[in-house]
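Working notes, beginning with the structure itself.
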């Protein structure tokens, strides 16, 4: 019985369970919650302190990059002052690769000329206009921004320059935002950290995908660092912790105060807590489990005998005899359990015998193939009777004392075929007795059966297999030790032997049907071939060649049997072709050629009513189709033609060209093979041609290829 069920059905068990929950389980859960809450709060506090430092570090590195931008502008302005740039602003060789990394573009702004693009693509520069004249409010290293409708604001730095003829101006550089903000191929931000930058009015200058918003407005609280503030915000339902630090640009530049905001998702900060949480839960649950097991052990010790007997009764009702009741209480319950186990073992023996015999009976009677029946049932019978060796001989096709048998021992994974001799005296001794027969030591002569002679068997038991008083087989059981049978076991052995005999008879009938089916197909093929002396044996040879090609392609037995039958009957439609056309020595005219092209469809029509052969109709229809679609009757191309049809097409052409016809002499096989290889990809499937050359690579082709046996039982 399930322990939880036992507790719920017993008042005493429920009382102990409530004590456990009240004294151990609930306080432990409360402790677990408080520990988790304390650790998570500490992690968040440390993370926000860490974020504070990262925000300030990022702001200072941003200031360093701004200074670097200013230094580049100062260098370029110096080139103007020293005459390295003409009046048009043309710069010769002053741009290092680093300059190209820092700026998107450079422009020259003067008070009496249009804005001149020095580097990069010309872009609108609305902050400066020629009509405004010289901007006297700009001072060295002035930083200003320009709002863009879609995307981050453009960032500029301006540096004064003295031009020829006493004119003045500013070199204005549009800063590369990827360089300035530190994103792109070499990001400066830590993993899972988001950036947002706001100007002095609170309007956003730049932001990654996640930010507090397009604008930000809050007052600065006093703290250890007056320039730093921490806060929280929500984005897509997720909580983010953020730190803001003010970058005082006026200290080095003529510009606004920028607010730098770095944020991290709370889930990322607490991710490492998940492992701690799981470990803590596992430790706590393990402790609770130990206490629970001790409690349940104590409870079950008080309820075990009665519940065990009840559970065993329910198992027997379900025909489950796999376990016995174990009660060590030292009282009447222990005596009752012993009696109960004895009854259970007897019932198990009877039910097991009935069920096993039923399974073996169904396996025997459901097998139409002799080998399938033997492979399935012989190990089952050996296991049922617990013998070390079992031998079965089949005498259906034998007329002498030399019989083929099958043996299975406890050291074999599957039954193996072997030959053994049973002389006439032994046959009479065994078959005259319908009941199982124990071989005495003086009559065994076990050397006649290899599996029994390979090891010493103290007990050998045989039972004849009969069908209508005909001896059709023998079943022999061998034991290395002494084995006694009761009457019930002997009856079971006789019953199984009768079922095996029926299965052997059925296998013989199936074999006869298979032979009949194979013979019928061959007779039909010879009937077609006999219509003309020029096609004698053609169908059988085509079937053999197709079988060899299919084997070379690695097809399974079912497919090989299919192409063999299809090859035998591929020309059955020529029954409807006039003999004058088949034997005509001259070239066929259009009408005659049209008549002979009908034979695939006629053949399919003939075969269609025969359900057992419908699976080869496609071969009959397709053996004159071409891989390039120029065949007949349907003009199929490539893999529209079945693989069986493509194989038969090669075999058919090979035999047709290798054989004499009234209108030509036969070709030698080398010439035919060369022709087939030449037609690969047009007339024939290249894969089939490859298998054909592989199958016939050894020289001359066997003109009488082996016939593949058709398994009638699987049709």
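The values are calculated or read from the model by the stated rules, or taken from the named source; none is laboratory data. What you see is a predicted model, and the numbers here were worked out from it, not measured in a lab. Cβ atoms come from the backbone with ideal geometry, glycine included; neighbour counts cover every protein chain shown.
Computed values, structure above
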{"read-out": "Count - residues of segment 467-491 that are under 14 Å from residue 437 (Cα atoms) and buried (at least 19 other Cβ atoms within 10 Å of the Cβ)", "value": "6"}
{"read-out": "Filter result for residue 86 (at pLDDT below 75, touching a strand residue (DSSP E or B) at 6+ places or on another chain (Cβ under 6 Å) and loosely packed, with under 15 Cβ neighbours inside 10 Å)", "value": "no"}
{"read-out": "Test: residue in segment 393-408 that is assigned to a strand (DSSP E or B), more than 16 Å from residue 472 (Cα to Cα) and at pLDDT below 75", "value": "yes"}
{"read-out": "Neighbours by Cβ (under 9 Å, 6+ apart or cross-chain): first from segment 248-262, outside the structural domain of residue 218 (by TED's automatic domain parsing) and farther than 13 Å from residue 64 by Cβ; second at pLDDT 80 or above and part of a loop (DSSP other than H, G, I, E, B)", "value": "none"}
{"read-out": "Residue in segment 656-668 that is farther than 25 Å from residue 585 by Cα, in a loop (DSSP other than H, G, I, E, B) and without any contact (Cβ under 8 Å) to a residue 60 or more places away in the chain present", "value": "no"}
{"read-out": "Single residue of 95, 103 found to be more than 20 Å from residue 258 (Cα to Cα), surrounded by 15 or more Cβ atoms within 10 Å (Cβ to Cβ) and modelled with pLDDT of 85 or more", "value": "103"}
{"read-out": "Qualifying residue in segment 568-580 (condition: in contact (Cβ under 8 Å) with a residue 12 or more places away in the chain and closer than 24 Å to residue 682 by Cα)", "value": "yes"}
{"read-out": "Selection status of residue 288, over 30 Å from residue 46 (Cβ atoms), part of a helix (DSSP H, G or I), out of contact with any helix residue (DSSP H, G or I) (no Cβ under 7 Å at 6 or more places or on another chain) and modelled with pLDDT of 70 or more", "value": "no"}
{"read-out": "Search result, residues across segment 161-178 that are modelled with pLDDT of 80 or more and either farther than 15 Å from residue 116 by Cα or not assigned by TED's automatic domain parsing to the domain that holds residue 80 (or both)", "value": "175, 176, 177, 178"}
{"read-out": "Answer from 474, 490 - the residue that is at pLDDT 75 or above and in a strand (DSSP E or B)", "value": "474"}
{"read-out": "Per-region count, segment 239-255, residues modelled with pLDDT under 80 and either in contact with a helix residue (DSSP H, G or I) (Cβ under 6 Å, 6 or more places away or on another chain) or over 29 Å from residue 211 (Cα atoms) (or both)", "value": "1"}
